[in-house]
Structures are given as C-alpha cells and as structure tokens.
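Peer 1: One structure coming up, written as structure tokens, with questions to follow.
The values are calculated or read from the model by the stated rules, or taken from the named source; none is laboratory data. Predicted model only: the values in this text are computed from it and were never measured. With ideal geometry, Cβ positions are generated from the backbone for all residues, glycine too; neighbour counts draw on all protein chains shown.
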Amino acid sequence: MHVRMVAIFTLAKKFMQMPVAEIKKLLASDFYEARMGAVSIMDFKARDKKITDEERKVLYELYLRNHDKINNWDLVDRSAPYVVGGYLSDKPRKVLYKLAKSKNVWERRTAIVSTYYFIRQNDIEDTFKIAEVLVRDEEELIHKATGWMLRFAGTKNAKKLISFLDKYAATMPRTLLRYSIEHFNKKDREYYMNLKKDK
C-alpha cells in the first residue's frame, strides 16, 4: 500500500527523538516508505537548533555507513543537505570529492546535493568544484542535481555561474545546462543552449 509523503513527514516529525539504533532499523527496511521515514527523522534531527556536535556526527556517520539503503534520488535530497552538508559546514570536505568520484550514482548525488547547505551560507566554492567533477557524468539524475545546485549557487554569485557556463556550456549534458540556466531570461537561455555542440 502506498503511503502519502505528507503522512510520512508528519509521522517522522513526531518521532524525531527516535534513538539512532531504531533509525538504523528503519533504514534497513525493504520498504521504501520506511527508509523515507528514517531519512526524514534524520533530517528533522539535523535541523534541530538544539542538536549537539556529537549528535550531528552520529547522524552523518549513520548516513554514510548506510548509503546502500539511501538509494533513490528523493532519499538523498531529503536528507543530504542538512545531515551531510550541515555536519561538514565547518569541517574539511574531502569526503564529498571522494563521493563525487564514486561508481555509485546515489553517492555522487549526495556529493553535489550536500552543498545545498553551504550555498545557503553563501559558501559556493565547493558547489562549483564538485560540479566540475560531475560535469561529464553520464547519469541524468546527476545532471539534474548538478544543474539545480549550480542554479542555486548562481543566485548568490551570478558572475561565477556565468564563468562556469562560458567554460562548459558547449560540452556539458543538455539537461545539466538546461537546469543551470532555468532562471535566465529567454535571450540568455537561448545563447547558452545554442553553444551546445550536439544541438
């Protein structure tokens, strides 16, 4: 039976104090809805202003150690920004570059989507650097996520996005480019799309 996402999120918020050991059991479930519940609880915990550094670390490690269960685009998007990005916001981010080079598409998506948290803090360098790693990726789900993050980063620094596009627009996947320039005016969108060598 399909469970509506709003019901899962509402239930997850009620159980955001669930012990990590129990969250891990939910993550291990074969049912998508249970795993969505688990990552939603993790997200609510990570967003809690009262969370301690140690609690952040535990959630972060739980996420990475169980990434094989976080195996769909919406599971990643629901939790990576605050669980992974939030934890790494004041720490070295080498792990994201390792994930960006992973053979696992969901780990690569985690790498770029985690930077959402950084962008919210006006910290956009890693978004562009990881996008460079992923700019030739073969998976459309990576194209969409990378374009989404580039577009968001562009709201903080339009010149940096334009510089990135000037360098890569002609050769990046069409979906990635289209998502990156979604907020441009029609004239500028057409300019960059016309740079595509495979048009």
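Peer 1: Determine which single condition Phe184 fails, assuming it passes every other condition in (1) farther than 23 Å from Trp73 by Cβ; (2) in a loop (DSSP other than H, G, I, E, B); (3) touching a residue at least 24 places away in the same chain (Cβ under 8 Å).
Peer 2: Tallying (1) farther than 23 Å from Trp73 by Cβ; (2) in a loop (DSSP other than H, G, I, E, B); (3) touching a residue at least 24 places away in the same chain (Cβ under 8 Å), Phe184 fails exactly one: (3).
Peer 1: I'm told Ser79 meets every condition in (1) outside any helix (DSSP H, G or I); (2) surrounded by 24 or more Cβ atoms within 10 Å (Cβ to Cβ); (3) of a type in the set (Ser, Thr, Tyr) except one. Can you identify the failing condition by its number?
Peer 2: Ser79 satisfies every listed condition except (1).
Peer 1: Leu62: within 17 Å of the chain's Cα centre (by Cα), in the same structural domain as Ala131 (by TED's automatic domain parsing), closer than 26 Å to Ile130 by Cα and outside any loop (DSSP other than H, G, I, E, B), yes or no?
Peer 2: Spelling it out, it is not the case that Leu62 is within 17 Å of the chain's Cα centre (by Cα), in the same structural domain as Ala131 (by TED's automatic domain parsing), closer than 26 Å to Ile130 by Cα and outside any loop (DSSP other than H, G, I, E, B).
Peer 1: Also, I was wondering about something else. Pick from Ala158, Ala153, Ala145: which is surrounded by fewer than 16 Cβ atoms within 10 Å (Cβ to Cβ) and hydrophobic (A, V, I, L, M, F, W, C)? Before the answer, list the steps.
Peer 2: Details: Ala153 fails: surrounded by fewer than 16 Cβ atoms within 10 Å (Cβ to Cβ); Ala145 fails: surrounded by fewer than 16 Cβ atoms within 10 Å (Cβ to Cβ).
Sole residue among the options that is surrounded by fewer than 16 Cβ atoms within 10 Å (Cβ to Cβ) and hydrophobic (A, V, I, L, M, F, W, C): Ala158.
Peer 1: What's the number of the only condition in (1) in a helix (DSSP H, G or I); (2) hydrophobic (A, V, I, L, M, F, W, C); (3) without any contact (Cβ under 8 Å) to a residue 60 or more places away in the chain that Ala145 fails to meet?
Peer 2: Evaluating Ala145 over (1) in a helix (DSSP H, G or I); (2) hydrophobic (A, V, I, L, M, F, W, C); (3) without any contact (Cβ under 8 Å) to a residue 60 or more places away in the chain leaves (3) as the failure.
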